[in-house]
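Heads up, the thing below is written out as structure tokens.
The values are calculated or read from the model by the stated rules, or taken from the named source; none is laboratory data. Predicted model only: the values in this text are computed from it and were never measured. Positions of Cβ are backbone-derived with ideal geometry, glycine not excepted, and every protein chain shown enters the neighbour counts. These accessible areas exclude ligands, DNA and RNA; they are computed on the full protein's heavy atoms, side chains included. Shrake-Rupley method; radii C 1.70, N 1.55, O 1.52, S 1.80 Å.
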Amino acid sequence: MRLSERQEKIVELVKGSSPMTGEQIANQLKLNKATLRADLTVLTMAGVLEARPRVGYFYKEGKRSLIAERLHRLRVDDFKSIAAAVKEDISIYDAVVSMFTNNVGSLIVVGEEQELKGMVSRKDIIKASLGGLELFKVPIGVIMTRMPNIVMTTPDESVLNAAKKLVQHQIDTLPVVESYIGADGNEMYEVVGRFTKTNVTQLFVDLGY
Ligand code: ADP
């Protein structure tokens, strides 16, 4: 069966994090539920998705290889590392020191409540150095990539989905976050870890044995 572009998107979403309710799928695709209803019916009748009442839609296993099936079931929470987090007022020099002492190539920048503010990578620091910035004086807040432009993952996302984000966005590290509503009513993201290319490589090795 040939799927429409929208149906392909639905399948990708549900593949990444089954089960999903119709509402969650609609929210992610920024469509209303009524628009999706026909697609969900088609996908369910075609046997691509399975609908379980009061639970949501599942991607139907079985057509996948064993390894794909396993990868879909593994969660970020079980493979993440401890976050190497720093505050945005530390100097670029101190960020370099922190990269060495934590043995990481990217630092997650957080606020007072561990809320995600941004990311600083090796490349940002090299760029700042070439640009002649005063490394002892300039805070990393000046050179970091900041929210809302940070690509994140959550503890219950599949490692496959998270790895796909690393590839698609050409980055090394995803902050692992849990969202909450801040004092000002805005959605905030508490950093609970990091998921990196190294975690994926380690998992690859583990799967081989
Ligand atoms: P490197 O600098 O070692 O190549 P990355 O490829 O991870 O490391 O970073 C490239 C750029 O992307 C940098 O400018 C960095 O600030 C930014 N970046 C790093 N991680 C993220 C992320 N999770 N979301 C958005 N941007 C990121």
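Among PHE79, PHE100, which is aromatic (Phe, Trp, Tyr), free of Cβ contacts under 8 Å to residues at least 24 places away in the same chain and away from the ligand (no atom under 12 Å from the Cβ)?
Values: PHE79 fails: free of Cβ contacts under 8 Å to residues at least 24 places away in the same chain.
One residue alone meets the criteria, PHE100.
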Test of understanding: among LEU29, LEU43, which residue is in contact (Cβ under 8 Å) with a residue 12 or more places away in the chain, within 23 Å of ALA162 (Cα to Cα) and outside the structural domain of MET188 (by TED's automatic domain parsing)?
LEU29
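Determine if segment 181-189 includes at least one residue that is in contact with a Leu (Cβ under 8 Å, 6 or more places away or on another chain), under 20 Å from LYS117 (Cα atoms), surrounded by 16 or more Cβ atoms within 10 Å (Cβ to Cβ) and of a type outside the set (Gly, Ala, Ser).
Within segment 181-189 (the criterion being in contact with a Leu (Cβ under 8 Å, 6 or more places away or on another chain), under 20 Å from LYS117 (Cα atoms), surrounded by 16 or more Cβ atoms within 10 Å (Cβ to Cβ) and of a type outside the set (Gly, Ala, Ser)), the answer is yes, since at least one residue qualifies.
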Those residues of segment 49-72 which are part of a helix (DSSP H, G or I) and at pLDDT 70 or above amount to ILE67, ALA68, GLU69, ARG70, LEU71, HIS72
Out of the residues in segment 115-162 that are open to solvent by less than 20 Å² (accessible area, probe 1.4 Å) and in a helix (DSSP H, G or I), state the one that is nearest to the ligand (Cβ to nearest atom).
ILE125
How many residues, within segment 17-36, are open to solvent by 70 Å² or more (accessible area, probe 1.4 Å) and at pLDDT 90 or above?
5
